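Asker: Structure below; questions to follow.
The values are calculated or read from the model by the stated rules, or taken from the named source; none is laboratory data. In this text the structure is predicted, and so the values were computed from the model without any measurement. In this analysis, Cβ positions are derived from the backbone assuming ideal geometry, glycine residues included, and neighbour counts consider all displayed protein chains. Remember, those area values only see protein heavy atoms, side chains included, never the ligands or the DNA or RNA. Shrake-Rupley method; radii C 1.70, N 1.55, O 1.52, S 1.80 Å.
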Amino acid sequence: MKVKGLRWWIITLIFIATVINYIDRTAFALLWPQMGEDLGMDNSDYALMLNIFMITYAASKFLSGRLYDKIGTRIGFIVSIVVWSLAAAFHALTRGVATLSIVRGLLGLGEAGLWPGAVKSNGEWFPVKQRALAQGIFNAGASIGNVIAPIIIVFLYAQFGWKSTYIILGALGLLWVIPWYVVNKSKPEDHPWMTEDERNLILDDRIANNDVAVKGAKSLGVGKILSFKEPWGVLLCRFFIEPIWWFFAGWMPIYLNSKFGLSIEEIGNTMWISYLMAAAGGIVGGYVTELIIKHTSVNFGRKVSIVIGSLLIIVGFVCIMMFVSDSDYMAFIYLAGVALFGFQFAIGNIQTLSSDLFKGPSVGTLAGLAGTVAAFSPIIMNWFIGNITKGGSYTPAFIAITLSVVLAVVSIFFLIRKVGLVKTEN
């Protein structure tokens with residue numbers, strides 16, 4: 001049996017896994033009021049659970065990248081989704097702080113693996129010019145997950161209660177493993193379902209870009225990777241740009257309530273627009289990058305797309321500060337959508353840099369390390385916003401985030417003079 005466009009089936013499954021990932025992590029915030037009451041826990045316990053998740057999530061970005069480099073993406077994805085799906089289901093069995101801390105930590109460990117795994121998988125299955133598009137499709141799953149999660153979770157909760165909701169969500173993730181295991185039989189060069197045309201497209205692109213990994217080669221050590229300046233461009237860029245996504249994910253509902261007085265229902269009925277625009281940004285950014293690379297080079301295509309996305313982020317935040325009044329909440333929703341569109345437009349290319357700079361065995365390590373670095377800057381941002389907004393104004397936070405975008409772009413241009421494979425041998 002031969003399947004045309006098998007690589008698109010692979011990225012579709014990863015997209016679905018991303019949607020499930022975001023539904024599972026969103027459930028905690030939506031179910032907490034009843035869950036916390038039943039468990040006798042308060043908001044300080046909720047904050048503790050968020051931090052436990054973020055700490056294990058940050059650590060697992062790097063650990064998962066190393067794991068994927070050792071065991072491959074096929075088994076790596078299975079390990080990640082089984083861990084986080086079981087952790088989601090086990091929320092139903094928690095009895096207090098100790099047991100909930102364990103399952104929240106396990107959820108962070110499992111969910112983080114999806115990101116370095118996707119970067120590595122896209123590097124294996126897609127030619128260089130299409131990797132940003134594949135990454136954009138993957139990232140769109142996070143946005144779509146944010147859009148549909150409230151609908152699914154509220155429905156399940158109304159029908160079955162919070163405990164059964166967690167069990168159903170966990171089972172959904174475990175079911176995903178079946179088609180993944182069946183479809184993703186092996187790497188493209190050995191896959192029995194791969195057409196010769198698609199196999200040649202992928203393998204010829206590797207040869208053209210000097211991206212043929214030596215069989216049995218091991219990943220470079222972290223020290224070796226960090227001895228080159230180009231990986232530092234990726235790390236610093238991720239550090240500076242990542243807070244944009246987490247600002248909207250963590251603070252937009254609070255901002256909409258404090259600034260415009262919106263209720264939970266009104267927030268849910270409007271916020272999805274911004275995330276739908278974010279999903280479009282990832283896919284459009286991938287297409288635009290592919291077109292630019294076709295007519296120029298990988299270096300030019302990646303950098304131009306990162307600049308375009310970053311400019312849209314800046315435009316969104318500057319317009320929010322200058323033109324949004326206390327009563328025009330829909331203007332904020334659409335301008336937030338512009339910023340999120342720009343973020344997803346750029347981030348797909350930023351994440352893809354790991355597979356541009358190194359060959360297969362080291363891609364997951366760099367992608368995971370970048371993910372870990374990127375997980376720490378939102379923690380700093382949360383502390384900063386929590387303190388700076390005590391007076392009620394978010395303007396200093398918006399200014400700081402805008403400046404961080406500029407620093408992200410500078411990091412790329414200053415440390416990665418040319419996007420291409422790093423010469424690891426003298």
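Asker: Name the residues in region 391-417 that are touching an Asp or Glu at 6+ places or on another chain (Cβ under 9 Å) and either without any contact (Cβ under 8 Å) to a residue 40 or more places away in the chain or exposed (fewer than 13 other Cβ atoms within 10 Å of the Cβ) (or both), would you?
Answerer: Arg417
Asker: Right, something else. For residues in region 2-35 being closer than 27 Å to Leu133 by Cα and either outside any helix (DSSP H, G or I) or without any contact (Cβ under 8 Å) to a residue 40 or more places away in the chain (or both), which is most open to solvent (accessible area, probe 1.4 Å)?
Answerer: Of all residues in region 2-35, those closer than 27 Å to Leu133 by Cα come to 2-26.
Those left that are additionally either outside any helix (DSSP H, G or I) or without any contact (Cβ under 8 Å) to a residue 40 or more places away in the chain (or both): 2-5, 8.
Details: Lys2: 124, Val3: 27, Lys4: 175, Gly5: 21, Trp8: 79 Å².
Ranking the candidates gives Lys4 first.
Asker: State whether the residues of region 120-141 include one that is under 30 Å from Phe341 (Cβ atoms), open to solvent by 10 Å² or more (accessible area, probe 1.4 Å) and either free of Cβ contacts under 8 Å to residues at least 40 places away in the same chain or acidic (Asp, Glu) (or both).
Answerer: Scanning region 120-141, I find at least one residue that is under 30 Å from Phe341 (Cβ atoms), open to solvent by 10 Å² or more (accessible area, probe 1.4 Å) and either free of Cβ contacts under 8 Å to residues at least 40 places away in the same chain or acidic (Asp, Glu) (or both), so the answer is yes.
Asker: Would you confirm, using the coordinates I've provided, whether Leu67 is open to solvent by 30 Å² or more (accessible area, probe 1.4 Å) and either under 22 Å from Leu13 (Cα atoms) or not in a helix (DSSP H, G or I) (or both)?
Answerer: Details: open to solvent by 30 Å² or more (accessible area, probe 1.4 Å): yes; either under 22 Å from Leu13 (Cα atoms) or not in a helix (DSSP H, G or I) (or both): yes.
Considered against the rule, which asks whether it is open to solvent by 30 Å² or more (accessible area, probe 1.4 Å) and either under 22 Å from Leu13 (Cα atoms) or not in a helix (DSSP H, G or I) (or both), Leu67 comes out as yes.
Asker: Of the residues Ile313, Ile333, only one is closer than 22 Å to Cys237 by Cβ, among the β-branched types (Val, Ile, Thr) and open to solvent by less than 40 Å² (accessible area, probe 1.4 Å); which? Steps first, answer last, please.
Answerer: Values: Ile333 fails: closer than 22 Å to Cys237 by Cβ.
Being closer than 22 Å to Cys237 by Cβ, among the β-branched types (Val, Ile, Thr) and open to solvent by less than 40 Å² (accessible area, probe 1.4 Å) holds for just one of Ile313, Ile333, which is Ile313.
Asker: For region 245-257, state whether one or more residues are of a type in the set (S, T, N, Q) and surrounded by 18 or more Cβ atoms within 10 Å (Cβ to Cβ).
Answerer: Here is the first cut: in region 245-257, the residues of a type in the set (S, T, N, Q) are 257.
Then drop every residue that is not surrounded by 18 or more Cβ atoms within 10 Å (Cβ to Cβ), which leaves none.
Taking every residue of region 245-257 in turn, none turns out to be of a type in the set (S, T, N, Q) and surrounded by 18 or more Cβ atoms within 10 Å (Cβ to Cβ).
Asker: What pairs can you find where one residue is in region 273-285 and within 14 Å of Tyr22 (Cβ to Cβ) and of a type in the set (Phe, Trp, Tyr), the other is assigned to a helix (DSSP H, G or I) and modelled with pLDDT under 90, and their Cβ atoms are less than 6 Å apart, with a gap of 6+ or different chains?
Answerer: Matching pairs, first to second residue: Tyr275/Ser143; Tyr275/Asn146; Tyr275/Val147.
Asker: A further question follows. Could you say which residue among Val373, Val405, Val409, Val419 is touching a Cys at 6+ places or on another chain (Cβ under 8 Å) and not polar (S, T, N, Q)?
Answerer: Details: Val373 fails: touching a Cys at 6+ places or on another chain (Cβ under 8 Å); Val405 fails: touching a Cys at 6+ places or on another chain (Cβ under 8 Å); Val419 fails: touching a Cys at 6+ places or on another chain (Cβ under 8 Å).
Answer to the selection: Val409.
Asker: Same structure, new question: Filter region 368-385 for residues that are under 21 Å from Thr424 (Cβ atoms), open to solvent by less than 10 Å² (accessible area, probe 1.4 Å) and aliphatic (A, V, I, L, M) and give the result.
Answerer: Result: Ala370, single match.
Asker: Sort out which residues of region 267-297 are open to solvent by less than 30 Å² (accessible area, probe 1.4 Å) and over 21 Å from the mean Cα position of the chain (by Cα), and write them in order of number.
Answerer: Scanning region 267-297 gives Ile267, Thr270, Ile293.
Asker: For the condition in a helix (DSSP H, G or I) and at pLDDT 95 or above, what is the one hit in Ala87, Ala98, Ala59?
Answerer: Working: Ala98 fails: at pLDDT 95 or above; Ala59 fails: at pLDDT 95 or above.
None of the others qualify; the one that does is Ala87.
Asker: Out of the residues in region 106-118 that are open to solvent by less than 10 Å² (accessible area, probe 1.4 Å), in a helix (DSSP H, G or I) and not acidic (Asp, Glu), which is nearest to Gly281 (Cα to Cα)? Reasoning before the result, please.
Answerer: As a first pass, look at region 106-118 and keep what is open to solvent by less than 10 Å² (accessible area, probe 1.4 Å): 107-108, 110-114, 116-118.
Filter once more, so that each one left must be in a helix (DSSP H, G or I): 107-108, 110-112, 114, 116-118.
Still in the list and also not acidic (Asp, Glu): 107-108, 110, 112, 114, 116-118.
Values: Leu107: 28, Gly108: 26, Gly110: 26, Ala112: 22, Leu114: 20, Pro116: 20, Gly117: 21, Ala118: 18 Å.
Out of the qualifying residues, it is Ala118.
Asker: Can I ask one more? Mind checking whether some residue in region 173-187 is surrounded by fewer than 19 Cβ atoms within 10 Å (Cβ to Cβ) and more than 21 Å from Gly5 (Cα to Cα)?
Answerer: The answer is yes; a qualifying residue exists.
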